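Student: This is the structure I want to talk about, given as C-alpha cells.
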Amino acid sequence: MLPLARSSTRTTLPIEPTYREYFLQYASYVITDRAIPDVADGLKPVQRRLMHAMRVMDDGRYHKVANIIGQTMQYHPHGDTSIGAALVGMGQFGLLVDTQGNWGDPVTGDPAAASRYIEARLTAFAREVLFAPHLTRYKKSYDGRNKEPITLPARFPILLLTGTEGIAVGLSTRVLPHNFIEVVEALKAALCKEPFELYPDFPGGGLADASDYNDGCNGAKVKVRARIEKGEGKTIEINEIPYGTHTSSLIDSIISAGDKGKIKISHIEDNTAAEVNIKVTFQRGVDLDNAIDALYAFTDCEVAHSPNGMVIVDTKPRAMSVSDMVRLGAESTKALLKRDLEYRLEQLELRWHHKSLVQIFIENRIYLRIEKCTSFETILREIDKGLKPFKGGLRREVVEDDLVMLTEVKMRRISAYDAERAQEELLAIDKEIAGVKKNLGNLTKFTIAWFDHLLEAYGAGRERRTDLVTFSAIQAVKVVERTEKLFVDRRSGFIGTALKNAEEIGPCSSIDDVIVFLEDGGMSVVKAEEKAYIGDRIIHVQVFRPEDRESVFNLIYEDRETGKAWIKRFTIGGVTRGKLYDLASNAEKARVLYFVVDQEPCLYVKLKKKPRIRTDLYLGLGELLVKNRGAGGNVLTKHRISSIKVISAQKYEEKRGEL
C-alpha cells in the first residue's frame with residue numbers, strides 16, 4: 001500500500017499586516033505587563049507578583065530571597081534575574097520590603113549578596129495598605145496553574161512615595177519619589193478640595209531646584225546637587241550625593257574632570273561608611289568657591305532629572321501630573337475604604353444574625369426537637385419550625401445554610417451557654433455596626449482619619465531629606481581651570497594644544513571654543529583639542545567666549561581676479577560648531593588684506609599706480625555701520641590695493657581736511 005502523500009497546500013500570510021499585528025501585540029505587552037506601573041497600586045507587574053508571593057508565604061518571619069524568587073516564578077513569565085533585581089530595588093527603598101542581610105547599598109553602588117544569603121519579609125505598612133482579598137480581583141497566571149491579582153487594593157498612592165522608571169515601546173515613564181508626610185498632607189488637602197503642592201524628596205538627601213518641576217509633567221526638570229561643605233585649607237567634603245548617582249560614579253566623574261583639566265585636584269579620599277563622606281583636596285592657588293562651582297558644572301555633583309508621569313489607567317497608558325495622581329489616589333483610597341466598610345458591615349450583620357439564631361436555638365431549647373429525627377432533612381425542617389415564632393425579630397431571612405450552621409452547635413457550647421454574655425455580645429456587634437454605618441455616612445472624614453492613622457503609625461523618621469533651593473546657573477566657561485595652552489601653525493592651517501614648535505595663542509581648556517579666520521575669508525568655530533586642521537593660511541585665532549558673539553570684527557578683502565576690494569564691519573552672532581563660513585561672499589577668489597577685532601583705527605590705503613586715479617585713500621573704521629556676518633560689505637575700491645597702514649586720528653583729520 002502506497003503511503004499517503006503529504007498535502008502541498010501552504011497557507012500564506014501578507015507580511016506587512018502580519019508584522020503590524022505582531023508588533024502591536026508585543027508593544028502592548030511591554031507597556032502594560034512589563035515596563036509601566038499601574039496607577040491603581042503603583043506597581044509594575046513583577047513588583048505586584050513579588051508582593052503577592054510574599055503575602056502567600058507570609059508567616060511573620062524572614063524568608064530566603066531565593067525562596068521568594070521561586071514562589072514568584074509561579075506567576076512571572078520571566079526568569080529569576082529580573083525578579084531578583086526588582087526585589088533588591090524594593091528592599092533597598094525599604095517601604096514595602098523588610099530586609100535582613102547584605103542588600104547592597106544604592107549610595108555606594110555596592111551590589112546585594114546572592115539571593116541564597118539574604119532574607120526578606122513584608123513590612124507592616126505593606127500588610128496594612130496593600131492587601132485585602134475581599135477587595136482584590138484575580139486572573140489566571142501565565143501558565144493557568146495559579147491565580148494572581150490584576151492589581152492590589154492599595155489604600156495609598158505607593159507610586160508617589162517610591163517613584164519609578166521604565167522604558168517601553170514608544171513610551172517611557174519616570175516618576176520621582178516624594179516625601180511620605182507631604183504626600184499624606186496633599187491627599188488630605190485633595191479630599192477637602194483645598195490647594196496643595198508636592199515636590200520630590202530623595203532618600204539620599206542633597207539639594208534640589210524644583211522651580212521647573214511643572215507638577216511632574218512631561219518636559220519638567222529637577223536639578224539635584226550634592227551637599228558640599230568647606231573643610232580645612234583647600235579641602236571640601238561631600239556629605240550627601242544627588243539622587244541617581246552613587247559614590248563610585250561621583251568620584252569617577254571628579255577624577256575625569258581633573259584629567260581633562262577642568263578642575264585642579266590634589267587628591268580624593270572616600271571615607272563613606274554609614275554616611276557619605278568624600279573629601280576632595282584642590283591644588284594650591286585654587287579659589288575654593290570657584291572650585292565648588294566647577295564641581296557642579298563638570299561632575300555628577302549636579303545632575304538633572306526629567307520626570308514623565310506615564311502610568312496605566314484602566315489598562316491604557318496615560319500621562320498624568322503629580323497633582324492628578326494625588327487626587328486619583330485620594331479618591332481611589334476613599335472608594336476602597338468604602339468597599340471595605342461595606343464588606344465589614346455585611347460580615348457584622350451576618351455575625352449578628354448567626355449569634356441571634358444560636359441564642360434562639362439554645363434559649364428556647366429547639367435542639368430538643370431534633371432528638372427523634374431520623375434524617376438530616378427532617379432535622380432541618382424541625383429546626384425551621386422551631387424558629388418560626390422568632391423570625392420576626394431577625395434582620396434577614398433564614399436560609400438553609402443557617403439551619404445547617406445550627407446543627408453544628410456543639411453540646412459543650414449548649415451546656416456552657418451564658419444568656420447574659422450572649423446578649424452583651426449582640427449589643428457589642430450592634431454598636432460596631434452603628435460605627436461602620438456612621439463611617440459610611442462620613443466617608444471623607446473617615447478617609448482623612450485613615451491617612452492620619454498611617455501618618456501616626458509610619459511617619460516617624462520620614463521627614464524631608466532633600467532641601468528645596470533655587471540654583472543660580474553656573475557658566476562652565478567661567479569656572480573651568482584653563483590648564484592648557486593653545487597653539488597655531490598659521491601656514492599649515494593647524495591649531496591645537498599638542499602642537500610643537502608653533503605660535504602660542506594663550507591659555508585654554510577642553511571645553512573652550514576657538515574661532516579661526518583664514519586668508520581666503522573663511523571662518524570656523526571648533527572645540528579646543530590636541531590637533532585640528534582648519535584650513536591653509538590662518539590669519540587670526542582666539543578662544544571664543546559667549547560675549548565675543550557681540551564683538552565687532554573688521555575685514556578688508558579683495559577679489560584676486562579683478563582687484564576689486566570691499567570693507568565690512570560685523571558681529572559673529574550664532575554659529576554652528578565645525579561649519580566653515582564664507583565672510584568674503586562678494587569675491588570669487590578672495591584674499592583678506594586687513595583684519596582687526598574690537599578696534600576702530602584710522603587707515604591709509606595706498607592703491608597701485610594707475611593713470612588718472614587718486615592712489616591715496618583714508619578711512620575711519622568707526623564711521624562705518626556694523627552689519628551681520630552674512631553681509632558682503634561696502635565697496636572700498638575697484639582698483640588693486642598696494643598697502644594698508646594704520647595712522648593716527650590726528651593725521652586722518654589732517655588728510656581729510658586737505659581733501
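The values are calculated or read from the model by the stated rules, or taken from the named source; none is laboratory data. Computed from a predicted model, the values in this text were never measured in an experiment. Here Cβ is always computed from backbone atoms with ideal geometry, including for glycine, and neighbour counts include all displayed protein chains.
Student: Tell me whether the stretch 364-379 contains one or more residues that are surrounded by 14 or more Cβ atoms within 10 Å (Cβ to Cβ), among the basic types (Lys, Arg) and at pLDDT 90 or above.
Tutor: There is no residue in the stretch 364-379 that is surrounded by 14 or more Cβ atoms within 10 Å (Cβ to Cβ), among the basic types (Lys, Arg) and at pLDDT 90 or above.
Student: What are the residue pairs meeting all of these: first residue in the stretch 448-460, first residue assigned to a loop (DSSP other than H, G, I, E, B), second residue modelled with pLDDT of 95 or more, Cβ atoms under 6 Å, and 6 or more apart or on different chains?
Tutor: That search, which allows pairs on different chains as well, returns Gly459/Ile181.
Student: Next up: Pull up the stretch 318-346, narrow it to residues that are closer than 27 Å to Arg174 by Cβ and surrounded by fewer than 17 Cβ atoms within 10 Å (Cβ to Cβ), then point me to the one that is nearest to the chain's Cα centre (by Cα).
Tutor: In the first step, residues of the stretch 318-346 are kept if they are closer than 27 Å to Arg174 by Cβ; the result is 318-333, 336.
This time we only want the ones that are surrounded by fewer than 17 Cβ atoms within 10 Å (Cβ to Cβ), so: 318-319, 331.
Working: Arg318: 17, Ala319: 14, Glu331: 25 Å.
Ranking the qualifying residues of the stretch 318-346, first place goes to Ala319.
Student: Can you tell me how many residues within the stretch 539-561 are in a loop (DSSP other than H, G, I, E, B) and in contact (Cβ under 8 Å) with a residue 40 or more places away in the chain?
Tutor: 3
Student: Given the conditions (1) of a type in the set (Gly, Ala, Ser); (2) in contact with a strand residue (DSSP E or B) (Cβ under 6 Å, 6 or more places away or on another chain); (3) surrounded by fewer than 15 Cβ atoms within 10 Å (Cβ to Cβ), report the number of the one that Gly574 does not fulfil.
Tutor: (2)
Student: Which ones in the stretch 584-619 are in a loop (DSSP other than H, G, I, E, B), farther than 26 Å from Arg537 by Cα and aliphatic (A, V, I, L, M)? Break it down stepwise before answering.
Tutor: Filtering the stretch 584-619 down to residues in a loop (DSSP other than H, G, I, E, B) leaves 584-589, 598-601, 608-615.
Remaining after also requiring farther than 26 Å from Arg537 by Cα: 609-615.
Hit for the stretch 584-619 is Ile613, nothing else.
Student: Please note which helices (runs of 4 or more DSSP H) are completely contained in the stretch 49-132 and include at least 2 residues that are under 19 Å from Asp33 (Cβ atoms). Explain how you work it out, then say what you get.
Tutor: Details: elements: 65-72, 80-93, 124-130.
In the stretch 49-132, 65-72, 80-93 are the helices (runs of 4 or more DSSP H) which contain 2 or more residues that are under 19 Å from Asp33 (Cβ atoms).
Student: Looking at the stretch 310-350 only, could you name the residues that are assigned to a loop (DSSP other than H, G, I, E, B) and either under 13 Å from Ala186 (Cα atoms) or of a type in the set (A, V, I, L, M) (or both)?
Tutor: Met320
Student: If a residue has to be part of a loop (DSSP other than H, G, I, E, B), surrounded by fewer than 19 Cβ atoms within 10 Å (Cβ to Cβ) and touching a helix residue (DSSP H, G or I) at 6+ places or on another chain (Cβ under 8 Å) to count, how many in the stretch 222-251 make the cut?
Tutor: 0
Student: Checking Lys44 against (1) touching a Gly at 6+ places or on another chain (Cβ under 9 Å); (2) over 24 Å from Lys139 (Cα atoms); (3) basic (Lys, Arg), which single condition isn't satisfied?
Tutor: Among (1) touching a Gly at 6+ places or on another chain (Cβ under 9 Å); (2) over 24 Å from Lys139 (Cα atoms); (3) basic (Lys, Arg), Lys44 violates only (2).
Student: Look at the stretch 1-51 and say how many of its residues are at pLDDT below 75 and touching a helix residue (DSSP H, G or I) at 6+ places or on another chain (Cβ under 7 Å).
Tutor: The total comes to 1.
Student: Give me a count of the residues in the stretch 481-505 that are closer than 13 Å to Val516 by Cβ and among the hydrophobic types (A, V, I, L, M, F, W, C).
Tutor: 6
Student: Still on this structure, please answer the following. How many residues are in a helix (DSSP H, G or I) and under 19 Å from Ala419 (Cα atoms) if we restrict to the stretch 355-388?
Tutor: To start, the set of residues in the stretch 355-388 that are in a helix (DSSP H, G or I) comprises 355-363, 366-370, 376-388.
Filter again for under 19 Å from Ala419 (Cα atoms), leaving 355-363, 366-368, 386-387.
Count: 14.
Student: Being surrounded by fewer than 19 Cβ atoms within 10 Å (Cβ to Cβ), modelled with pLDDT of 90 or more and not aromatic (Phe, Trp, Tyr) is true for just one of Asp559, Asp616. Which residue is that? Walk me through it before giving the result.
Tutor: Working: Asp616 fails: modelled with pLDDT of 90 or more.
Answer to the selection: Asp559.
Student: Asp289 is checked against (1) in contact (Cβ under 8 Å) with a residue 24 or more places away in the chain; (2) over 25 Å from Pro177 (Cβ atoms) and fails just one. What number does that condition carry?
Tutor: (1)
Student: Could you check how many residues of the stretch 193-217 are surrounded by 15 or more Cβ atoms within 10 Å (Cβ to Cβ) and part of a loop (DSSP other than H, G, I, E, B)? Reasoning before the result, please.
Tutor: As a first pass, look at the stretch 193-217 and keep what is surrounded by 15 or more Cβ atoms within 10 Å (Cβ to Cβ): 196, 198-210, 213-217.
Narrowing further to those that are part of a loop (DSSP other than H, G, I, E, B): 196, 198-199, 201-206, 210, 213, 217.
Looking only at that region, the number is 12.
Student: Quick one: Ala304 ticks every box in (1) more than 23 Å from Gly42 (Cβ to Cβ); (2) assigned to a helix (DSSP H, G or I); (3) in contact (Cβ under 8 Å) with a residue 24 or more places away in the chain except a single one, so which number is it?
Tutor: Against the list (1) more than 23 Å from Gly42 (Cβ to Cβ); (2) assigned to a helix (DSSP H, G or I); (3) in contact (Cβ under 8 Å) with a residue 24 or more places away in the chain, Ala304 comes up short only on (2).
Student: Moving on. Can you give me the number of residues within the stretch 635-651 that are surrounded by 13 or more Cβ atoms within 10 Å (Cβ to Cβ) and either modelled with pLDDT under 85 or part of a strand (DSSP E or B) (or both)?
Tutor: Adding up the residues that qualify gives 6.
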